Amino acid sequence: SGASIEQDSDRVTLSLSSGAKATILLYGATVISWTINDRELLWLSEASALDGSKAVRGGIPLVFPVFGPPRAGTAVEALPQHGFARINKWNLLGRIEDEAGISVDLGLSSDSLDEDTKSKWPHSFGLIYSVKLTADTLETKMVVQNPDPSNSFDFNVLFHTYLRIPDVDKIGVQGLDSLTYRDKTLGGSEHPESAETIKITGETDRVYMNAPDKVTVLSDGAPLFTVTKLGLKDVVLWNPHTSSSKMGDWAPAEGYKNMVCVEAGSVASFQNLEAGAAWEGGVVHKAHL
Ligand code: BG6
């Protein structure tokens, strides 16, 4: 398939002879670039740390086992915002090649966490994250394993994809109408979505609950991305707009005009994983170029 994989000390790059390329940092297993014929499809802040000192601002950070700021009184309360998957170094497990493309598997388990994190979330777990590149898609899939023979645990998981767009004023998001969303800019209050095509006109931070599997991002009325989730319940739509100035790692200042986060996950409620069981979910990001 003309596929190749390049490995450095801190990252892995997948390429296809068709012109598609993706780069994954081992830190957080964060996809930091996805290009087709050199056109970048993900937004990455120019001020993002990439050295493992802080979660990456852009690309596809992974959220696990909690989404957002943990709530007091829950089993995740001591963890940092969005959990620990995005701030730990993952292991490269292997690669698979077929006619359609190339994929790599990365792993993170309770054994590789530091004692402090382990004490804050004392569960045995294994995560296997697969990133697959085809000519026009980037597929991300997570397997969560609970090897403990007697205890279950609860988790959130989310693929925090920053899509790169030409102009936020010209985009529309379809597939979320007639759902109820929690508006995090309004304290998490619930609202019905009536717009068939959602426009972004200011700070937007919404959890669309029990969303259908396919969401389309249109630019100037034409599909630019299709985000298809599998085994995941919710879709988060986020654009910080001018409030991005509050984030120290956001650049350029007007970068919010060139991004929208369409994040598929199970976050509105916890997913329970029985003792000895495994769970699987993922996202296909398709670019219409
Ligand atoms: C989104 C949340 O998923 O991530 C937002 O809905 C949050 O509330 C955003 O601001 C970015 O989070 P962080 O921790 O990367 O700054």
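Points to keep in mind about this one:
- Of the strands (runs of 3 or more DSSP E) that lie entirely inside the range 104-181, those containing 2 or more residues that are open to solvent by 60 Å² or more (accessible area, probe 1.4 Å) and either within 16 Å of the ligand (Cβ to nearest atom) or closer than 24 Å to N91 by Cα (or both) span 137-145.
- Considering the conditions (1) open to solvent by 40 Å² or more (accessible area, probe 1.4 Å); (2) touching a helix residue (DSSP H, G or I) at 6+ places or on another chain (Cβ under 6 Å), G231 is excluded by exactly one of them, (2).
- Qualifying residue in the range 21-41 (condition: touching a helix residue (DSSP H, G or I) at 6+ places or on another chain (Cβ under 7 Å) and without any contact (Cβ under 8 Å) to a residue 40 or more places away in the chain): no
- The range 38-74 - residue that is over 16 Å from the mean Cα position of the chain (by Cα), away from the ligand (no atom under 14 Å from the Cβ) and open to solvent by less than 50 Å² (accessible area, probe 1.4 Å) and, of those, modelled with the highest pLDDT: G52
- Residues that are within 22 Å of L41 (Cα to Cα), away from the ligand (no atom under 16 Å from the Cβ) and touching a Lys or Arg at 6+ places or on another chain (Cβ under 9 Å) within the range 193-219 comprise D213, K214, L218, S219, listed in sequence order.
- Flag for V267 being surrounded by 18 or more Cβ atoms within 10 Å (Cβ to Cβ), modelled with pLDDT of 95 or more and within 14 Å of the chain's Cα centre (by Cα): yes
- When we screen E77, E99 for residues that are loosely packed, with under 14 Cβ neighbours inside 10 Å, outside any strand (DSSP E or B) and in contact (Cβ under 8 Å) with a residue 60 or more places away in the chain, the only hit is E99.
The values are calculated or read from the model by the stated rules, or taken from the named source; none is laboratory data. Being a predicted model, the structure only gives us computed values, none of them experimental. Note that each Cβ is placed from the backbone with ideal geometry, even for glycine, and that neighbours are counted across all protein chains shown. Quick note on the areas: whole protein, heavy atoms, side chains included, nothing else; ligands and nucleic acids left out. Shrake-Rupley method; radii C 1.70, N 1.55, O 1.52, S 1.80 Å.
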